[in-house]
Amino acid sequence: MKTTAQTFAELGLSEATLRGVAKHGFVHPTPIQAKVIPVGLQGHDVIGCAQTGTGKTAAFVLPIADRLTHGKGIRCVILSPTREIALQTKEFLDVFGQGHHLRAAVLIGGVAMGPQTSALRNHPDIVVATPGRLLDHLERRHLNLQKVSEVVLDEADRMLDMGFHRHTMMLSATMPFAVEGLARQYLRDPMRIDVAPPGTLKEGIVHRLYLVDQGQKRTALLRLLKDERGPTLVFVRMKHEADRLARFLLSEGFDIGILHGDRSQRERTEALSAFRTGHPRILVATDIAARGLDIPAIAHVIHYDVPQNAEDYVHRSGRTARYQATGVASVIGTWMDLTSIKAIEKLVGQTLPRCTIEGIPAFVETPPKRFGRLRPRMRH
């Protein structure tokens, strides 16, 4: 990832936090870190927007570590859209909060509440949670949030179902105007920090669009998986489609992992851990894997189902080309996906390059003739 010429010491961080930064191997902050950390240290509410893979987690964790003091109750709540992002954030806090003796508890669904209740009894300073499980514990009066002074909405455009109070930082790779407008109703004179315009595609990714007949989608997927042999993340929309596609790929001789909301937390954790090691090299997932997950080795993202939300294309594609690596984002679409594809192209400000696969007929988009609708034509 791109870094600035500044040092972390120039941002105003304490010596204890800087020791954690050095231990983690960070030398120079990324642009979003350089802009958010000083503002966060001053206690300003923040709306931050930067491309995926630019270090947004450290941008909010570091000022939190500096601002909190151990032993004063739960002072910070970090809300994450998925269990996997929550667990990843907890790992960051364990490193950067160590110098301040900060304790963090993670509250996520899909696992027993008993160990989480025990962690809450151990007087944590920070709670990292998914919204549903946080509400479960609140309803059972397992925790009290009256002393909370720091709130972070990670992947903020997905986290706006809950209210805001006190010092709030919101960071995401996309920030639609409607979402930002809602957030400003609750934040106190927030500072908007943009490192790149919303919808900016990450550098290092080669984008490809394959328009095929609906009946050729699986054939196209097989060809892409055979041509691109690096670790590959395949996105589908529905949980049952992930299972069905995984069974098909297994029958074709591929070693496959599966990640979606109906899998147990143990199965989800094991699937991600195995995928990180490269065995299996293919992970079929729904959009719970689209945001925040940091798996540097992913070489290829395949949108087997075109996302209905244009912002999700940016987040999904951002799982590749991490840390200045390069990667490929391929879309397998049909004529029924053209409206969604146009919405993606409008958001990112560029046309997705049309590509073909040898032996598979491709659709050619023709100008609309009636009723303003695009009509596909087969090219042989």
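Worth a mention:
- Against the test of being in contact with an Asp or Glu (Cβ under 6 Å, 6 or more places away or on another chain) and either outside the structural domain of V21 (by TED's automatic domain parsing) or surrounded by fewer than 22 Cβ atoms within 10 Å (Cβ to Cβ) (or both), the options L135, L87, L120, L68 yield a single qualifying residue, L68.
- Residue in region 286-303 that is free of Cβ contacts under 8 Å to residues at least 40 places away in the same chain, farther than 21 Å from I108 by Cα, under 18 Å from the mean Cα position of the chain (by Cα) and surrounded by fewer than 21 Cβ atoms within 10 Å (Cβ to Cβ) present: yes
- Restricting attention to region 257-292, the residues that are out of contact with any Leu (no Cβ under 8 Å at 6 or more places or on another chain), farther than 20 Å from P307 by Cα and assigned to a helix (DSSP H, G or I) total 8.
- The residues of region 9-19 that are surrounded by fewer than 22 Cβ atoms within 10 Å (Cβ to Cβ) and either under 17 Å from R322 (Cα atoms) or not basic (K, R) (or both), listed by number, are A9, E10, G12, S14, E15, A16, L18.
- The number of residues in region 43-83 that are touching a Lys or Arg at 6+ places or on another chain (Cβ under 7 Å) and of a type in the set (D, E) comes to 1.
- Failed item, numbered, when Y323 is tested on (1) aromatic (F, W, Y); (2) surrounded by fewer than 21 Cβ atoms within 10 Å (Cβ to Cβ); (3) at pLDDT 95 or above; (4) within 18 Å of the chain's Cα centre (by Cα): (3)
- Residue within region 30-45 that is surrounded by 19 or more Cβ atoms within 10 Å (Cβ to Cβ), hydroxyl-bearing (S, T, Y), modelled with pLDDT under 90 and in a loop (DSSP other than H, G, I, E, B) present: no
- Note on region 106-158: among residues that are assigned to a loop (DSSP other than H, G, I, E, B) and of a type in the set (S, T, Y), the one that is nearest to V36 (Cα to Cα) is S149.
The values are calculated or read from the model by the stated rules, or taken from the named source; none is laboratory data. These figures come from a predicted structure and were not determined experimentally. Glycine gets a Cβ as well: all are built from the backbone with ideal geometry, and neighbour counts include every protein chain shown.
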